[in-house]
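The structure appears right after this line, and notes come after that.
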Amino acid sequence: TDGFDTPLTIRATIRITGDEMDVDYAGTSGQVAAGINSVLNYTRAYSFYPLKCIPDPHGPNNDGSMRPVRVSAPEGSVLNAKFPAPVYARSQSGHYLGSVLMSALAPAAPDRVIAGCGSPSNRTVFNGRRTDGKRYSFLLFTSGGFGARSTADGLSCTPFPSNTGGAPIEVMERETDLVVLEKSLAADSGGRGRYRGGLGMRLRIENPLPESVRLSIRMDRMSNGASGIFGGGHGGCSDLRLNGKANAIRPKGESELKPGDVITIVTPGGGGYGAPAEREALAQAKDLEAGYVTDVAEKIHAERT
(Lines give C-alpha, C1' and ligand atoms only; values in the text may rest on other atoms or scores of the structure.)
Protein backbone atom coordinates (compact mmCIF):
# COMPACT_ATOMS: atom_id res chain seq x y z
CA THR A 1 0.00 0.00 0.00
CA ASP A 2 1.04 3.66 -0.31
CA GLY A 3 0.89 4.01 3.46
CA PHE A 4 0.84 7.57 4.76
CA ASP A 5 4.40 8.87 4.49
CA THR A 6 6.08 5.62 3.41
CA PRO A 7 4.82 2.46 1.66
CA LEU A 8 3.53 -0.44 3.76
CA THR A 9 3.64 -4.18 3.11
CA ILE A 10 0.71 -6.55 3.61
CA ARG A 11 1.82 -10.18 3.53
CA ALA A 12 -0.45 -13.22 3.90
CA THR A 13 0.15 -16.95 4.22
CA ILE A 14 -2.80 -19.33 3.83
CA ARG A 15 -2.62 -22.88 5.18
CA ILE A 16 -5.38 -25.41 4.50
CA THR A 17 -5.60 -28.47 6.70
CA GLY A 18 -8.54 -30.76 6.10
CA ASP A 19 -11.64 -28.57 6.14
CA GLU A 20 -9.98 -25.71 8.03
CA MET A 21 -8.10 -22.66 6.81
CA ASP A 22 -5.55 -20.47 8.62
CA VAL A 23 -4.82 -16.98 7.32
CA ASP A 24 -1.65 -15.53 8.84
CA TYR A 25 -0.58 -11.94 8.18
CA ALA A 26 2.90 -12.37 9.69
CA GLY A 27 5.41 -10.16 7.89
CA THR A 28 2.97 -7.26 7.55
CA SER A 29 4.27 -3.77 8.34
CA GLY A 30 3.93 -2.38 11.84
CA GLN A 31 1.32 0.14 12.91
CA VAL A 32 1.89 3.79 12.04
CA ALA A 33 1.12 7.15 13.65
CA ALA A 34 -1.48 8.05 11.00
CA GLY A 35 -5.07 6.77 11.15
CA ILE A 36 -4.74 4.09 8.46
CA ASN A 37 -4.29 1.21 10.92
CA SER A 38 -6.82 -1.60 11.16
CA VAL A 39 -8.12 -3.42 14.22
CA LEU A 40 -8.26 -7.22 14.23
CA ASN A 41 -12.06 -7.54 13.97
CA TYR A 42 -12.02 -5.35 10.84
CA THR A 43 -9.13 -7.39 9.43
CA ARG A 44 -11.07 -10.59 10.07
CA ALA A 45 -14.23 -9.25 8.42
CA TYR A 46 -12.41 -8.14 5.27
CA SER A 47 -10.61 -11.50 5.16
CA PHE A 48 -13.79 -13.57 5.54
CA TYR A 49 -15.50 -11.77 2.67
CA PRO A 50 -13.18 -12.80 -0.23
CA LEU A 51 -12.68 -16.23 1.31
CA LYS A 52 -16.46 -16.68 1.26
CA CYS A 53 -16.74 -15.39 -2.32
CA ILE A 54 -14.25 -17.88 -3.75
CA PRO A 55 -15.65 -21.30 -2.70
CA ASP A 56 -19.28 -20.49 -1.88
CA PRO A 57 -20.48 -17.07 -3.08
CA HIS A 58 -24.20 -17.92 -2.95
CA GLY A 59 -24.42 -19.89 0.29
CA PRO A 60 -25.85 -18.43 3.52
CA ASN A 61 -23.54 -16.02 5.29
CA ASN A 62 -23.60 -17.27 8.86
CA ASP A 63 -21.39 -18.55 11.65
CA GLY A 64 -21.10 -21.95 10.03
CA SER A 65 -19.53 -20.49 6.90
CA MET A 66 -16.91 -18.63 8.96
CA ARG A 67 -16.13 -21.22 11.66
CA PRO A 68 -13.50 -23.13 9.61
CA VAL A 69 -11.44 -19.97 8.99
CA ARG A 70 -8.95 -18.57 11.50
CA VAL A 71 -7.38 -15.15 10.90
CA SER A 72 -4.35 -13.85 12.79
CA ALA A 73 -2.15 -10.77 12.49
CA PRO A 74 0.83 -9.76 14.64
CA GLU A 75 -0.15 -7.47 17.49
CA GLY A 76 1.16 -4.01 16.78
CA SER A 77 0.98 -4.47 13.01
CA VAL A 78 -1.01 -2.22 10.68
CA LEU A 79 -3.66 -4.99 10.59
CA ASN A 80 -3.85 -5.48 14.38
CA ALA A 81 -2.99 -2.12 15.87
CA LYS A 82 -2.54 -1.62 19.62
CA PHE A 83 -4.33 1.14 21.52
CA PRO A 84 -4.03 4.13 21.22
CA ALA A 85 -3.14 3.80 17.54
CA PRO A 86 -5.53 5.82 15.30
CA VAL A 87 -7.77 3.62 13.15
CA TYR A 88 -10.40 5.93 11.63
CA ALA A 89 -9.22 5.45 8.01
CA ARG A 90 -8.67 1.68 8.40
CA SER A 91 -10.13 1.07 4.94
CA GLN A 92 -6.82 2.33 3.54
CA SER A 93 -5.28 -0.93 4.77
CA GLY A 94 -8.24 -3.28 5.15
CA HIS A 95 -9.56 -2.85 1.62
CA TYR A 96 -6.35 -4.34 0.23
CA LEU A 97 -7.03 -7.71 1.85
CA GLY A 98 -9.42 -8.95 -0.83
CA SER A 99 -6.80 -8.59 -3.56
CA VAL A 100 -4.05 -10.03 -1.35
CA LEU A 101 -6.04 -13.17 -0.53
CA MET A 102 -7.30 -13.59 -4.10
CA SER A 103 -3.68 -13.58 -5.29
CA ALA A 104 -2.69 -16.09 -2.62
CA LEU A 105 -5.44 -18.52 -3.63
CA ALA A 106 -5.13 -17.98 -7.39
CA PRO A 107 -3.04 -21.13 -8.04
CA ALA A 108 -5.62 -23.28 -6.21
CA ALA A 109 -8.75 -21.68 -7.68
CA PRO A 110 -7.77 -19.98 -10.96
CA ASP A 111 -11.33 -19.83 -12.31
CA ARG A 112 -12.82 -18.29 -9.16
CA VAL A 113 -10.48 -15.41 -8.36
CA ILE A 114 -10.20 -11.92 -9.79
CA ALA A 115 -7.14 -9.78 -10.38
CA GLY A 116 -6.30 -6.90 -8.07
CA CYS A 117 -8.87 -4.10 -7.85
CA GLY A 118 -8.37 -0.33 -7.80
CA SER A 119 -9.32 -0.20 -4.13
CA PRO A 120 -9.74 1.41 -1.66
CA SER A 121 -12.24 3.97 -2.96
CA ASN A 122 -11.02 7.53 -2.89
CA ARG A 123 -12.74 10.01 -0.60
CA THR A 124 -12.69 13.79 -1.02
CA VAL A 125 -14.60 16.18 1.24
CA PHE A 126 -15.32 19.69 -0.05
CA ASN A 127 -16.06 22.36 2.59
CA GLY A 128 -17.09 25.83 1.48
CA ARG A 129 -19.79 28.47 1.05
CA ARG A 130 -22.24 28.66 -1.85
CA THR A 131 -23.10 31.85 -3.72
CA ASP A 132 -26.22 32.23 -1.54
CA GLY A 133 -24.04 32.21 1.58
CA LYS A 134 -25.07 28.76 2.75
CA ARG A 135 -22.21 26.60 4.00
CA TYR A 136 -21.82 23.01 2.83
CA SER A 137 -19.74 19.91 3.41
CA PHE A 138 -19.93 17.48 0.50
CA LEU A 139 -18.45 13.98 0.56
CA LEU A 140 -17.40 12.59 -2.83
CA PHE A 141 -16.50 8.92 -3.30
CA THR A 142 -14.69 7.93 -6.50
CA SER A 143 -13.93 4.30 -7.28
CA GLY A 144 -11.29 2.55 -9.34
CA GLY A 145 -11.70 -0.41 -11.66
CA PHE A 146 -12.58 -3.99 -10.77
CA GLY A 147 -9.99 -6.68 -11.46
CA ALA A 148 -10.43 -8.86 -14.54
CA ARG A 149 -11.96 -12.33 -14.19
CA SER A 150 -11.25 -15.68 -15.82
CA THR A 151 -14.12 -15.14 -18.25
CA ALA A 152 -14.56 -11.38 -18.66
CA ASP A 153 -13.04 -7.93 -18.38
CA GLY A 154 -13.24 -6.14 -15.06
CA LEU A 155 -16.06 -3.70 -14.36
CA SER A 156 -15.11 -0.05 -14.62
CA CYS A 157 -15.43 2.39 -11.70
CA THR A 158 -16.68 -0.36 -9.39
CA PRO A 159 -15.43 -0.67 -5.81
CA PHE A 160 -14.31 -3.89 -4.12
CA PRO A 161 -14.77 -5.02 -1.43
CA SER A 162 -16.97 -2.11 -0.35
CA ASN A 163 -20.21 -0.99 -2.00
CA THR A 164 -19.67 2.76 -1.72
CA GLY A 165 -21.06 5.08 -4.36
CA GLY A 166 -21.33 8.78 -4.99
CA ALA A 167 -24.22 11.07 -5.82
CA PRO A 168 -24.61 12.17 -9.47
CA ILE A 169 -22.39 15.11 -10.36
CA GLU A 170 -25.49 17.23 -10.99
CA VAL A 171 -26.34 16.87 -7.29
CA MET A 172 -22.83 17.90 -6.34
CA GLU A 173 -22.98 20.99 -8.55
CA ARG A 174 -26.40 21.95 -7.16
CA GLU A 175 -25.36 21.56 -3.53
CA THR A 176 -21.91 23.19 -3.77
CA ASP A 177 -21.92 25.55 -6.80
CA LEU A 178 -18.69 23.86 -7.89
CA VAL A 179 -18.46 22.99 -11.60
CA VAL A 180 -17.58 19.50 -12.82
CA LEU A 181 -15.71 20.08 -16.07
CA GLU A 182 -15.20 16.41 -16.85
CA LYS A 183 -16.25 12.99 -15.65
CA SER A 184 -15.01 10.23 -17.92
CA LEU A 185 -13.44 6.81 -18.00
CA ALA A 186 -9.65 6.98 -17.60
CA ALA A 187 -8.23 5.63 -20.85
CA ASP A 188 -5.38 3.09 -20.56
CA SER A 189 -5.97 2.58 -16.83
CA GLY A 190 -7.15 -1.05 -17.07
CA GLY A 191 -4.41 -3.67 -16.72
CA ARG A 192 -3.55 -5.58 -19.90
CA GLY A 193 -4.39 -9.24 -20.19
CA ARG A 194 -6.43 -11.92 -21.90
CA TYR A 195 -9.13 -10.06 -20.04
CA ARG A 196 -8.61 -6.37 -19.32
CA GLY A 197 -8.95 -4.81 -15.90
CA GLY A 198 -11.79 -2.35 -15.35
CA LEU A 199 -11.06 1.32 -15.96
CA GLY A 200 -10.83 4.03 -13.36
CA MET A 201 -12.44 7.44 -13.77
CA ARG A 202 -11.17 10.94 -14.47
CA LEU A 203 -12.78 13.95 -12.78
CA ARG A 204 -11.99 17.64 -13.22
CA ILE A 205 -13.69 20.00 -10.76
CA GLU A 206 -13.42 23.80 -10.80
CA ASN A 207 -14.01 26.29 -8.01
CA PRO A 208 -15.73 29.27 -9.73
CA LEU A 209 -16.58 30.92 -6.41
CA PRO A 210 -14.95 34.02 -4.89
CA GLU A 211 -13.94 32.08 -1.75
CA SER A 212 -11.55 29.18 -1.28
CA VAL A 213 -12.85 25.66 -0.69
CA ARG A 214 -11.24 23.41 1.91
CA LEU A 215 -10.38 19.88 0.82
CA SER A 216 -9.90 16.76 2.89
CA ILE A 217 -8.49 13.99 0.71
CA ARG A 218 -7.96 10.27 1.27
CA MET A 219 -6.46 8.68 -1.81
CA ASP A 220 -4.30 5.59 -2.32
CA ARG A 221 -2.55 3.67 -5.10
CA MET A 222 -0.61 6.73 -6.21
CA SER A 223 2.49 4.60 -6.69
CA ASN A 224 1.29 1.01 -6.64
CA GLY A 225 -1.23 -0.14 -9.20
CA ALA A 226 -3.56 -3.11 -8.76
CA SER A 227 -1.72 -6.35 -9.53
CA GLY A 228 -2.58 -8.61 -12.44
CA ILE A 229 -2.66 -12.41 -12.22
CA PHE A 230 -1.54 -15.24 -14.49
CA GLY A 231 0.57 -12.85 -16.55
CA GLY A 232 -1.90 -9.96 -16.57
CA GLY A 233 -0.61 -6.40 -16.30
CA HIS A 234 -0.95 -4.00 -13.40
CA GLY A 235 -3.74 -1.45 -13.44
CA GLY A 236 -2.94 2.23 -13.79
CA CYS A 237 -2.19 4.27 -10.67
CA SER A 238 -4.18 7.10 -9.14
CA ASP A 239 -3.34 10.66 -10.11
CA LEU A 240 -4.08 13.94 -8.36
CA ARG A 241 -3.34 17.36 -9.85
CA LEU A 242 -3.99 21.01 -9.12
CA ASN A 243 -4.28 23.17 -12.23
CA GLY A 244 -2.56 20.40 -14.18
CA LYS A 245 0.44 20.19 -11.84
CA ALA A 246 1.41 16.92 -10.17
CA ASN A 247 2.52 16.80 -6.50
CA ALA A 248 0.71 20.07 -5.78
CA ILE A 249 -1.77 18.39 -3.39
CA ARG A 250 -1.13 15.70 -0.79
CA PRO A 251 -3.13 12.52 -1.52
CA LYS A 252 -3.87 12.17 2.20
CA GLY A 253 -4.55 15.31 4.20
CA GLU A 254 -5.94 18.82 4.08
CA SER A 255 -5.63 21.18 1.14
CA GLU A 256 -7.31 24.17 -0.51
CA LEU A 257 -9.06 24.93 -3.78
CA LYS A 258 -8.65 28.66 -4.41
CA PRO A 259 -10.96 30.68 -6.68
CA GLY A 260 -10.45 29.53 -10.26
CA ASP A 261 -8.50 26.41 -9.29
CA VAL A 262 -9.19 23.07 -10.97
CA ILE A 263 -8.55 19.75 -9.24
CA THR A 264 -8.07 16.61 -11.33
CA ILE A 265 -8.78 13.24 -9.73
CA VAL A 266 -7.93 10.00 -11.56
CA THR A 267 -8.78 6.69 -9.91
CA PRO A 268 -6.75 3.50 -10.47
CA GLY A 269 -7.64 0.72 -12.86
CA GLY A 270 -8.03 -2.98 -12.11
CA GLY A 271 -5.41 -5.62 -12.90
CA GLY A 272 -5.51 -7.84 -15.96
CA TYR A 273 -6.09 -11.61 -16.11
CA GLY A 274 -3.92 -13.82 -18.31
CA ALA A 275 -1.23 -12.95 -20.83
CA PRO A 276 -1.97 -9.85 -22.95
CA ALA A 277 -0.91 -11.74 -26.08
CA GLU A 278 -3.92 -14.04 -25.57
CA ARG A 279 -6.47 -11.24 -25.88
CA GLU A 280 -8.78 -11.66 -28.85
CA ALA A 281 -8.19 -9.29 -31.75
CA LEU A 282 -11.87 -8.29 -31.77
CA ALA A 283 -11.71 -7.31 -28.10
CA GLN A 284 -8.61 -5.21 -28.78
CA ALA A 285 -10.34 -3.47 -31.67
CA LYS A 286 -13.40 -2.73 -29.54
CA ASP A 287 -11.18 -1.25 -26.80
CA LEU A 288 -9.59 1.11 -29.32
CA GLU A 289 -12.94 2.06 -30.84
CA ALA A 290 -14.48 2.81 -27.44
CA GLY A 291 -11.46 4.80 -26.28
CA TYR A 292 -10.67 2.41 -23.44
CA VAL A 293 -7.18 2.03 -24.92
CA THR A 294 -5.44 4.74 -26.95
CA ASP A 295 -3.42 4.28 -30.11
CA VAL A 296 -0.29 5.42 -28.25
CA ALA A 297 -0.76 2.84 -25.50
CA GLU A 298 -1.41 0.12 -28.09
CA LYS A 299 1.81 0.99 -29.90
CA ILE A 300 3.88 0.98 -26.70
CA HIS A 301 2.40 -2.37 -25.69
CA ALA A 302 3.16 -3.86 -29.12
CA GLU A 303 6.78 -2.69 -28.90
CA ARG A 304 7.22 -4.23 -25.44
CA THR A 305 5.80 -7.59 -26.47
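The values are calculated or read from the model by the stated rules, or taken from the named source; none is laboratory data. This one's a predicted model, so the numbers in the text were calculated from it and none came from an experiment. Heads up, the Cβs are rebuilt from the backbone with ideal geometry, glycines too, and the neighbour counts pull from every protein chain shown.
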Test result for Arg214, within 20 Å of the chain's Cα centre (by Cα), within 26 Å of Arg123 (Cβ to Cβ) and basic (Lys, Arg): no
Restricting attention to the range 112-129, which residues are basic (Lys, Arg) and either under 17 Å from Gln92 (Cβ atoms) or in contact with a strand residue (DSSP E or B) (Cβ under 6 Å, 6 or more places away or on another chain) (or both)? Arg123, Arg129
Out of Arg130, Arg67, Arg135, which single residue is touching a residue at least 12 places away in the same chain (Cβ under 8 Å) and basic (Lys, Arg)? Arg130
Determine whether the range 42-54 contains at least one residue that is aromatic (Phe, Trp, Tyr), under 19 Å from the mean Cα position of the chain (by Cα), at pLDDT below 95 and over 22 Å from Arg218 (Cα atoms). yes
Identify, by number, the condition in (1) under 23 Å from Lys183 (Cβ atoms); (2) loosely packed, with under 12 Cβ neighbours inside 10 Å that Asn247 doesn't meet. (1)
Would you point out the residue of the range 216-239, among those that are of a type in the set (A, V, I, L, M, F, W, C) and surrounded by 21 or more Cβ atoms within 10 Å (Cβ to Cβ), that is modelled with the lowest pLDDT? Met219
May I ask you to say which residue of Gly76, Gly27, Gly35, Gly18 is small (Gly, Ala, Ser) and touching a Gly at 6+ places or on another chain (Cβ under 9 Å)? Gly76
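Out of curiosity, is Ala108 more than 30 Å from Ile249 (Cα to Cα), in the same structural domain as Gly236 (by TED's automatic domain parsing) and in a loop (DSSP other than H, G, I, E, B)? Break it down stepwise before answering.
Numbers: more than 30 Å from Ile249 (Cα to Cα): yes; in the same structural domain as Gly236 (by TED's automatic domain parsing): no; in a loop (DSSP other than H, G, I, E, B): yes.
No.
Counting just the residues of the range 2-17 that are of a type in the set (Ser, Thr, Tyr) and within 13 Å of Val32 (Cα to Cα), which one comes out surrounded by the fewest Cβ atoms within 10 Å (Cβ to Cβ)?
So in the range 2-17, the residues of a type in the set (Ser, Thr, Tyr) come out as 6, 9, 13, 17.
Now narrow it down to the ones that are within 13 Å of Val32 (Cα to Cα): 6, 9.
Values: Thr6: 8, Thr9: 12.
Result: Thr6.
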Filter result for Val100 (of a type in the set (A, V, I, L, M, F, W, C), in a loop (DSSP other than H, G, I, E, B) and closer than 27 Å to Thr13 by Cα): no
Please specify each residue of the range 164-200 satisfying the condition of being part of a loop (DSSP other than H, G, I, E, B) and either farther than 20 Å from Ser238 by Cα or in contact with a strand residue (DSSP E or B) (Cβ under 7 Å, 6 or more places away or on another chain) (or both). Thr164, Gly165, Gly166, Ala167, Pro168, Asp177, Leu178, Ala186, Gly193, Arg194, Leu199, Gly200
Any chance Ser227 is hydroxyl-bearing (Ser, Thr, Tyr), under 27 Å from Phe160 (Cβ atoms), in contact (Cβ under 8 Å) with a residue 40 or more places away in the chain and out of contact with any helix residue (DSSP H, G or I) (no Cβ under 7 Å at 6 or more places or on another chain): no
From the residues in the range 2-36 that are in a loop (DSSP other than H, G, I, E, B) and β-branched (Val, Ile, Thr), which one is farthest from Ala81 (Cα to Cα)? Thr6
Considering every residue within the range 138-155, establish whether at least one is over 24 Å from Arg11 (Cβ atoms), β-branched (Val, Ile, Thr) and under 14 Å from the mean Cα position of the chain (by Cα). yes
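Within the group Leu203, Leu215, which residue is assigned to a strand (DSSP E or B), in contact with a Phe, Trp or Tyr (Cβ under 7 Å, 6 or more places away or on another chain), in the same structural domain as Thr131 (by TED's automatic domain parsing) and more than 30 Å from Glu278 (Cα to Cα)? Working first, answer last.
On the way: Leu203 fails: in contact with a Phe, Trp or Tyr (Cβ under 7 Å, 6 or more places away or on another chain).
Within the list Leu203, Leu215, the selection yields Leu215.
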Working only within the range 42-99, note down all residues that are farther than 26 Å from Phe230 by Cβ and among the basic types (Lys, Arg). Arg44, Arg67, Arg70, Lys82, Arg90
Within the range 149-161, is there a residue that is over 29 Å from Gln284 (Cα atoms) and touching a residue at least 60 places away in the same chain (Cβ under 8 Å)? no
